[in-house]
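Colleague: Quick one: structure below, then a few questions.
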Amino acid sequence: MKTLVLMEHDGAALRPGSGAALGFARAITEDVTALVLGEGIAAMTAEASKFAPVLAADNAALANSVADRWAHVIAEVARAHSAELVVATSTTWAKDIVGRAAGLLGGAMASDVIGHELEGGELRLRRPMFAGAITATITLKGAPQIITVRSSAYDSPGSATTPFPIKAVTID
């Protein structure tokens, strides 16, 4: 399953929760690519390349994380790379941006995932509902699947001894 992981950063370094998104993605598949968006993102792309191949969209138009603009870029990159799964950390920032990207992609979305299982080739996701009163197990119908993961739910994968390649993505 081709998976694209949105790496959240603060302009200087990756946010720790991005490791949970990578950990979830790696638990599902080995075909994981990190996506870093922004302006002047060389340090963040280098950091992300320790964990997965990186697609880097470094553009002045992405200097501020404007949800509509970033969602369009995520959707374009997901389509161009035939991503079947788009993953991000469950933060207010990511849920806003990734939720908009899900609408543009026409896929199915689950937010705040805390666990998963693969059963008969089907991905089942566990997520809290009703303010955490219950934990539901759900499946998503449609493609691509867009998922946000709680930062405390998955461990960050270990870094590679050799960095993965970084590929620049041009955006309109």
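Colleague: Go ahead and set up a Gaussian network model of the chain, Cα springs under 10 Å, then flag whichever of Ala57, Ala21, Ala131 fluctuates most.
Modeller: The residue with the greatest mean-square fluctuation here is Ala131.
Colleague: Give, in nm to one decimal, the length gained when the segment between Asp172 and Val66 is fully stretched (0.36 nm per residue of separation minus the Cα-Cα distance).
Modeller: Contour length minus Cα-Cα distance gives 36.7 nm.
Colleague: Shifting gears a bit: Determine the distance separating the Cα centre of the range 111-172 from the Cα centre of the range 1-34; give it in Å without decimals.
Modeller: 9
Colleague: Mind checking the range 1-44 for GluC sites (Glu not before Pro) that DSSP puts in a loop (not H, G, I, E or B) and that have at most 11 other Cβ atoms within 10 Å?
Modeller: Those that pass, being in a loop and sparsely packed, are Glu30.
Colleague: Here's another thing I want to ask about it. Give the dimensionless ratio obtained when the Cα radius of gyration of the range 1-134 is divided by 2.2 N^0.38 Å.
Modeller: 1.02
Colleague: Here's something else I'd like to know. In the Gaussian network model of the chain, springs joining C-alpha atoms below 10 Å, which of Ile97, Ile74, Ile134 carries the largest mean-square fluctuation?
Modeller: Ile134
Colleague: Can you list the trypsin sites (Lys or Arg not before Pro) in the range 1-105 that are in a DSSP coil and have 15 or fewer other beta carbons within 10 angstrom? Let's see the in-between values first.
Modeller: On the way: sites: Lys2, Arg26, Lys50, Arg69, Arg79, Lys95, Arg100; in loops: Lys2, Lys50.
The qualifying sites are Lys2.
Colleague: At a 1.4 Å probe radius, which order do Met1, Met129 fall into by accessible area, largest first?
Modeller: Largest accessible area first, the list is Met1, Met129.
Colleague: Only sites in a loop by DSSP and with at most 12 other Cβ atoms within 10 Å count here; which trypsin sites (Lys or Arg not before Pro) in the range 105-172 make the cut?
Modeller: Answer in residue order: Lys141.
Colleague: Moving on. In whole percent, what relative contact order does the range 65-126 give with Cα contacts below 8 Å and a gap of six or more residues?
Modeller: Normalised by residue count, the contact order of the range 65-126 is 31 percent.
Colleague: What fraction of the DSSP beta bridges in the chain is antiparallel, stated in percent and rounded to the nearest 5?
Modeller: That works out to approximately 30 percent antiparallel.
Colleague: Kindly provide the helix-only [θ] at 222 nm of the chain, computed as the sum of -39,500 (n - 2.57) over DSSP H runs of four or more divided by all residues, to the nearest 500 deg cm²/dmol?
Modeller: After summing the helix terms and dividing by the residues of the chain, the value is -8500 deg cm²/dmol.
Colleague: Once the other residues with Cβ under 11 Å from the Cβ of Leu62 are scored (Lys, Arg +1; Asp, Glu -1), what is the net sum?
Modeller: Values: positive: Arg69; negative: Glu39, Asp58.
That sum, taken over residues with Cβ under 11 Å, equals -1.
Colleague: Over the heavy atoms of Leu140, what accessible area does a 1.4 Å probe trace out, to the nearest 10 Å²?
Modeller: 20
The values are calculated or read from the model by the stated rules, or taken from the named source; none is laboratory data. Predicted, not measured: the structure shown is a model, and the values here were computed from it. Counting neighbours? That spans all protein chains shown, and the Cβs are built from the backbone with ideal geometry, glycine included. Remember, those area values only see protein heavy atoms, side chains included, never the ligands or the DNA or RNA. Shrake-Rupley method; radii C 1.70, N 1.55, O 1.52, S 1.80 Å.
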